[in-house]
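Worksheet for the structure shown next.
The values are calculated or read from the model by the stated rules, or taken from the named source; none is laboratory data. Keep in mind that this is a model prediction, so the values were computed, not measured. Note that we place each Cβ from the backbone using ideal geometry, even for glycine, and neighbour counts take in every protein chain shown.
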Amino acid sequence: MVVANEVNCMPILASIGVNGKRVTELPKEIGIKDFMKSIIASDPDTKEKKEPFFVLDLGLVKSLMDKWTKNLPTVRPFYAVKCNPDPCFLAYMASLGSNFDCASQAEIELVISLGVSPDRIIFANPCKAESHIRYAAKVGVMRSTFDSVYEVEKMKKCFPGGQLLIRVKAPDDASAMSPLGAKYGALPDEVEPLLKAAQSAGIDVVGVSFHVGSGTTDYSAYHSAISVARGVFDTAAKLGLPKMRVLNIGGGFSAGPQFVNASDAVKFGIQTYFEDQEDDDDDDDSLEIIAEPGRYFAECPFTLAASVIGKRVRGDLREYYINDGIYGSLCCLLNKHSVLTFEPLALESDPDNIPTRSGSTTTHRSTVFGPTCDALDTLAKNYSLPEMEVGDWLLFPNRGAYSAACASNFNGFKAVGISTHLVYSNNHS
């Protein structure tokens, strides 16, 4: 097996507060799977304890940022920390110029601890605890979102000098994996009263925010939401409020070919409804367009490895138990936010029994369970896998979005804080 040389790529991370992290540079001929096999083979701790681990590909993160800049050059990304708060990932995102969407005091504290300036953070939670608002005021995180008069009252009490973006309900979010409109977003007849409430409180409403839902597949949702946002801009002007200057198009983006379709819809909507403000010659009044992508940046760069800790055979059915599950890094199955795929990574029991591209190896109908005693902790049924034994490994690609961030230590199984190895691959165009 070819193993990449490990080097300490300090320029990537050290400048913004994450020191001493080793990054392995992978040449084009070595893939993530090969690197993970080398970790299993060479790391005594991993080999003996067989704990699950992640690999984070910083090269893919860089490629995703380049693609964002190419397709949405006028939209500043504020990465949604809740999607994956891994400190090394956040630090590298910051080094690439990303800003951050934080939803709590703890997330703000984390981002600031990495050396990020408060003016690169938006407190994008429409309902905030008063103590969190006071903390934002203390550290200088000026912008936050709101969708109720009660939030205006809290801002007046705790942060009267702050700036608000009114969060409106996106009219079309039914195609999203996780629609958000039932919980957040002002309805059309609520917009004017909310703007008046902020005006009476003396709080500056600087713009409009919306979110079409996590993992949307209907990209026309951006177009219709941008139309609604323009209506709010016009309502604010009619009420005599200071000119709004921020359009926050939220998240919902996914990586892959679908991102181009989403970005085209965004650009068309902005050109249709905000062309006059984009062309404003006054820099102070020009439109600032921001977004809150989470899944787009976090999902694909993280790959998970988990080992088989138990096995049962019932006729032609193979049942395997692994050391991560739905209460850990694979919690996506609870909320159906993604389709789980996986493959054998290292079959120490029979190295030759790895499926080839032609699929010539023998496979069996298999069920895969997580480690907890809850029967709900079932990861797959009727999945085709080669014969595996206790101690073998499975690889789970694209496990960065709402995975470790949502994990728990239910039943005493460690799922929070499992190790992450950093690589920088060069296989991305």
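Quick one: is SER98 in contact (Cβ under 8 Å) with a residue 24 or more places away in the chain and more than 18 Å from LEU165 (Cβ to Cβ)?
yes
Being touching a helix residue (DSSP H, G or I) at 6+ places or on another chain (Cβ under 6 Å) and surrounded by fewer than 16 Cβ atoms within 10 Å (Cβ to Cβ) is the filter here, so list the residues in the stretch 85-117 that pass it.
GLY115 - this is the single residue of the stretch 85-117 that is touching a helix residue (DSSP H, G or I) at 6+ places or on another chain (Cβ under 6 Å) and surrounded by fewer than 16 Cβ atoms within 10 Å (Cβ to Cβ).
Each row is one residue, and each column tells you yes or no for (1) of a type in the set (A, V, I, L, M); (2) within 22 Å of LEU194 (Cα to Cα).
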site: LEU110; (1), (2): yes, no
site: ALA129; (1), (2): yes, yes
site: MET142; (1), (2): yes, yes
site: TYR150; (1), (2): no, yes
site: CYS158; (1), (2): no, yes
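Kindly indicate whether any position in the stretch 34-44 is modelled with pLDDT of 95 or more and assigned to a loop (DSSP other than H, G, I, E, B).
no
So in the stretch 265-315, with the set limited to residues that are touching a Leu at 6+ places or on another chain (Cβ under 9 Å) and polar (S, T, N, Q), which one is modelled with the highest pLDDT?
Ranking the qualifying residues of the stretch 265-315, first place goes to THR303.
Just one of the numbered conditions (1) among the hydrophobic types (A, V, I, L, M, F, W, C); (2) surrounded by fewer than 18 Cβ atoms within 10 Å (Cβ to Cβ); (3) modelled with pLDDT of 85 or more is not true of MET1; which one?
(3)
Step by step: first the residues of the stretch 118-134, then only those that are touching a helix residue (DSSP H, G or I) at 6+ places or on another chain (Cβ under 6 Å) and not hydrophobic (A, V, I, L, M, F, W, C), then the one that is surrounded by the most Cβ atoms within 10 Å (Cβ to Cβ). Which residue is that?
Filtering the stretch 118-134 for residues that are touching a helix residue (DSSP H, G or I) at 6+ places or on another chain (Cβ under 6 Å) and not hydrophobic (A, V, I, L, M, F, W, C), the one surrounded by the most Cβ atoms within 10 Å (Cβ to Cβ) comes out as HIS132.
Can you list residue pairs whose Cβ atoms sit under 8 Å apart, with the first residue in the stretch 238-250 being over 30 Å from ARG295 (Cα atoms) and the second being in a loop (DSSP other than H, G, I, E, B)? Count only pairs 6 or more apart in sequence or on different chains.
Sorted first by the residue in the stretch 238-250, then by its partner, the pairs are LYS243/ASP285.
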